[in-house]
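Just so it is clear, none of the values below were taken in a lab; they were calculated from the coordinates. These figures come from a predicted structure and were not determined experimentally. All Cβ positions, glycine included, derive from the backbone under ideal geometry; neighbour counts span all protein chains shown.
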Amino acid sequence: MRYVNAVRGSAMAVIVTSAALAMAGCQPDGGGTDNGSSGVTPSGAVSSAAPSTPQPADSASGSSTPSAPQSSAPAPGGSAATCSASSLKATARQAAERPDGTGTGAAVVEFTNVSGRTCVLKGHPTVAGAGNGSPEMNVPLTVKPTGATASVKVAPGGKAWVKLTFVQVQGEADGYCVSGSAPVVYPTMVVGLPGSGAHQVALDDGQFAECDDTVTVTAVSAVEPA
């Protein structure tokens, strides 16, 4: 009986020793934590890489907000405003086609849109004879309008015209007026347009010589008169 117990005790000792060795074999060498050979990050370790943060979109590469339509032209279906006095430059020249006589006969007044916007001219002009000074110091002429009026759109840099035809001076030297009145000479004329101000102009050659302080005027036109 003692022999049997001894054998059983030896067997148990062997089993315990084998189990201990098996457990020891499961541990890394020296009981350390060599992660270099496994390449696995321990579950308790914190990664040093910072989390990616969404970056704002680059405004230069994104689509820009559409700009407002330029105001230099009327919107589709709309109408342009009347040209202001400051948006116009007026000049005058003797007309190619004018009544016979020794006076000015007729003059063409040209209006150029010097603004950056399309605008509208319409109507018959007013006319007054003046000196070279202030345009308000003038002598209004009797205006006889001819032709129908129509709105004329004038783009930036564009032009429109009116023609002034005077009662012509006759004869030689200072001449005479058929009516019996004395001829009058004006260095400049003040030409006004409805809603577009008054413009003082001088001829590119000569002065305005006329009779009876009467002038026949055309309506503003997009076609240059002769």
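Numbers below:
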quantity	calculated
Residue exposure sequence - 162, 201 - by fewest surrounding Cβ within 10 Å	201, 162
Size of electric dipole in segment 85-218: Cβ of Lys, Arg +1 and of Asp, Glu -1, about Cα centre, debye, nearest 20	820
Assigned charges on the beta-carbon of Lys, Arg, Asp, Glu; segment 88-156 dipole about Cα centre (debye)	280
Sequence-separation-based contact order of segment 85-218, relative, with Cα cut under 8 Å and 6+ spacing, percent	34
Those lysines that a straight Cα-Cα span of less than 19 Å connects to residue 159, excepting residues fewer than 8 apart in one chain	89, 122
Cα gyration tensor, segment 85-218 - rounded (a/c under 1.5), prolate or oblate	prolate
Added length on full extension, which subtracts the Cα-Cα distance from 0.36 nm per residue, residue 100 to residue 134	9.1 nm
